[in-house]
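Structure first, commentary second.
Any read-out appearing in this document is the output of simple, stated calculations on the displayed coordinates, not a laboratory observation. Because the structure is predicted, anything quoted here is derived from the model rather than measured. Here the Cβ positions follow ideal geometry from the backbone for every residue, glycine too, while neighbour counts run over all protein chains shown.
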Amino acid sequence: MIDIFEALSWLNQFDGSNLSMPVQSLVEIIDDPRTTEATLKGTCAHAHSMSEVSPNYLERPELLLHCGAAYYQHDYALEAIRLIRDAYDAYEPDEHYRAVTAWMLGTSAAAASDFNLAFLSWDEARCIFSSLAAQKLSDHDPVSRMWYLDRLKEMNRDLVRLPREAYTWLNRFEPSCLSCDVQEIKVKIINSIAKRRVLQAYDFVRDLKLVCNGHRDHLETSEIMLECGLQFYTLGNIADAADILN
């Protein structure tokens, strides 16, 4: 997978860093993998207090991304998610920044076994970069367009390994075989996972499996089982996912 610091390096591909010199000196400590956890925490707090009073509104989110990547590097995925989400919200007006941030958020979410957030974030980053590549074609900017296309190749190479990505291919050319009732259960599962109601999500997955009992439509049955396997995987239950897909 694309390393989180590699993704961070995309941030200022077309513009210079928005970090002031004093904050940049602190970021060098933050980015250093040899920095202890105690030093990391104190340095991030110090740099954050400086960015809060910066006249450049883009300095704070860029710092948050460095801190998020550093916490990810120290295996604090949940703290990384919190920091990167804050940066994502701050970057709302700029699509390039949001795409980079979304990819980093997906990487942190995967480390926290939040596979639903991970895929949604990665897919959002890919969609934004695809849109920007098309925009650069209209702008007659072949160099920038090629840069986005190269990043998209890397993204697709990573995402093609994911069950969620493969699942999107299922009904690429034919409509889903799932009935309306089954579709409703599917939506309930997705909503439960999004709200972190794990036990409720498991109940709905079991409801989905029960639909298969005595089912005569083999295509719908197969799609239901595939859906169950995907949802078990999304919940981090790899063993049950593999079992049901087999």
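Modelled label positions at residue 173 and residue 238, each set 7 Å beyond Cα in the direction of Cβ, lie 3.3 nm from each other.
Compute the length gained on full extension between residue 131 and residue 191: take 0.36 nm times their separation in residues and subtract their Cα-Cα distance, giving the result in nm to one decimal. So the extension gain works out to 18.9 nm. Legend note: in the chain, cysteines whose Cβ sits 4.7 Å or more from every other cysteine Cβ are 127, 177, 180, 212, 228. Note: the chain, Cα convex hull, 150 Å³ per residue.
If the label point is 7 Å along Cα→Cβ of residue 13, which residues in the range 72-108 have backbone nitrogen under 19 Å from it? Label zone hits: 88, 91-108.
Can you give the relative contact order of the range 180-245 as a percent, counting alpha carbon pairs under 8 Å and 6+ residues apart?
Values: 56 pairs, mean separation 17.3, N = 66.
The value is 26 percent.
For the pair residue 3 and residue 143 in one chain, pulling the backbone fully straight at 0.36 nm per residue adds 48.0 nm over the alpha carbon distance.
With contacts taken as Cα pairs under 8 Å and at least 6 residues apart, the chain reaches a relative contact order of 13 percent. Inter-part distance, the range 218-237 to the range 198-212, computed on C-alpha centroids, equals 10 Å.
Just to confirm the filter: which trypsin sites (Lys or Arg not before Pro) across the range 133-215 are DSSP coil and have at most 16 other Cβ within 10 angstrom of their Cβ? Could you put the intermediate results ahead of the total?
On the way: sites: 136, 145, 151, 153, 157, 161, 164, 172, 186, 188, 195, 196, 197, 206, 209; in loops: 161, 172, 195, 196, 197.
Those satisfying the criteria are 161, 172, 195, 196, 197.
Label positions at residue 180 and residue 209, each projected 7 Å from the Cα along the C-beta direction, are separated by 2.8 nm.
Per the Cauchy relation, a quarter of the hull surface: what is the mean projected area of the convex hull of the alpha carbons in the range 180-245, in nm²?
On the way: hull surface 16.0 nm².
In nm², the orientation-averaged hull projection of the range 180-245 is 4.0.
Can you list the chymotrypsin sites (Phe, Trp or Tyr not before Pro) in the range 143-182 that are in a DSSP coil and have 14 or fewer other beta carbons within 10 angstrom? Answer by residue number: 169, 173. With θ taken as phi - 60° and the Karplus curve 6.51 cos²θ - 1.76 cosθ + 1.60 applied, the whole-hertz 3J(HN,Hα) list for the range 144-152 is 5, 4, 5, 4, 5, 5, 5, 5, 5 Hz, x standing for glycine and proline.
Extension gain for residue 34-residue 165 works out to 43.6 nm (0.36 nm per residue, less the C-alpha to C-alpha distance).
Does the range 76-136 come out rounded, prolate or oblate, given a ≥ b ≥ c as the square roots of the eigenvalues of its C-alpha gyration tensor, rounded meaning a/c under 1.5 and, failing that, prolate meaning a/b above b/c? It is oblate, given that a/c is not under 1.5 and a/b is not larger than b/c.
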